[in-house]
1. Among ILE16, ILE39, which comes first, then next, by fewest other beta-carbon atoms within 10 Å?
2. Rounded if a/c is under 1.5, else prolate if a/b beats b/c, else oblate: with a ≥ b ≥ c from the C-alpha gyration tensor eigenvalues square-rooted, which is the range 1-118?
3. Which of the GluC sites (Glu not before Pro) found in the range 30-116 are in a DSSP loop and have at most 14 neighbouring Cβ atoms, other than their own, within 10 Å?
4. For the range 22-161, calculate the relative contact order in percent as a whole number, restricting contacts to Cα pairs under 8 Å that are 6 or more residues apart.
5. Could you compute the FRET efficiency for THR20 and ASP86, with r as their C-beta to C-beta distance and R0 at 30 Å, rounded to 0.05?
6. Which of LEU25, LEU94, LEU144 comes first, and how do the rest follow, when ranked by fewest Cβ neighbours within 10 Å?
7. Just check the range 77-142 against the gyration tensor rule for me: Cα atoms, a ≥ b ≥ c as the square roots of the eigenvalues, rounded for a/c under 1.5, and otherwise prolate or oblate depending on whether a/b exceeds b/c.
8. Can you figure out the FRET efficiency of ASN155 with ARG204, using R₀ = 25 Å and their beta-carbon distance, to the nearest 0.05?
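The numbers here are math on the coordinates, done by the rules we state, and not lab data. Please read all numbers here as calculations on a predicted model, not as lab measurements. Note that we place each Cβ from the backbone using ideal geometry, even for glycine, and neighbour counts take in every protein chain shown.
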Amino acid sequence: YESIASRVAGADEAAINAFTEAVKLEPFNPVLASEIGKIHLLSADSYAKSAEQKDETKAAEAAQNRDKNLSQAEDSLKKAITLKLDYLPARYYLGIVYERQQNIPSAIAELENVLRINNKDVGVAFELAILYYRNDQKDQSLSLLEQIVTKFDANNANAKWYLAAMYEERGRYDDAIKQLEDLANLYPDNGAVKQRLTILQDARASALAPEATSTLPAPIEQKVSNPKEQNPL
């Protein structure tokens with residue numbers, strides 16, 4: 001059920017009902033509460049897409065269902081954490097719920113909890129770095145991205161891509177170019193990398209500041225890992 005919950009009508013309710021019945025048999029198992037929360041999160045994301053449609057009535061209804069499912073996801077994930085404080089999947093998905101609710105400080109707090117328990121999870125570290133940036137904690141964001149590429153994953157494309165953007169934002173053009181050169185070697189056919197690298201190299205050659213970008217660039221096509229589901233026992 002869970003694997004098709006976001007694609008087949010009614011599958012999410014069937015999955016939730018199945019896990020709810022399982023909870024009656026294992027009321028102290030945090031995995032079950034966490035899975036219910038995750039399904040509500042998947043449903044909320046599905047409703048979020050529907051909320052973007054042009055039909056205002058249907059969009060408003062979808063938005064209400066999105067918010068309702070996010071609230072239900074939050075409740076279930078908090079229950080899972082109550083059952084096992086260090087259950088990482090529940091804390092991770094609770095952070096995602098907070099992000100969907102635009103509660104960035106709380107999202108940051110939960111991902112910090114995950115990273116504190118498992119400080120080698122590069123996927124969580126990257127997502128936390130982006131949340132720091134969105135919350136105007138740019139020094140923390142830069143520092144975390146630097147740690148990713150220097151200590152854990154030297155070829156992490158998205159960490160290097162955003163690190164280059166942040167170096168550029170600070171006027172550290174040589175450092176930005178170094179990251180983009182690395183990316184150009186890793187992804188020689190990526191047009192966005194080529195374009196930004198050329199702009200910075202030309203600007204350096206002419207001793208002129210490159211044209212500023214107003215926001216962080218779109219990510220490179222690379223899968224970002226989530227924390228592995230862990231056995232709660």
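1. On the way: ILE16 21, ILE39 26.
Lowest count first: ILE16, ILE39.
2. Details: a/c = 2.55, a/b = 1.29, b/c = 1.98.
The shape class here is oblate.
3. On the way: sites: GLU35, GLU52, GLU56, GLU61, GLU74, GLU99, GLU110, GLU112; in loops: GLU52.
Qualifying residues, ordered by number: GLU52.
4. Worked out over the range 22-161, it gives 17 percent.
5. 0.80
6. Values: LEU25 8, LEU94 27, LEU144 21.
Listed from fewest to most nearby Cβ atoms, that is LEU25, LEU144, LEU94.
7. On the way: a/c = 2.58, a/b = 1.45, b/c = 1.78.
Oblate shape, in that a/c is at least 1.5 and b/c is the bigger or equal ratio.
8. Working: r = 24 Å, r/R0 = 0.96.
That gives a FRET efficiency of 0.55.
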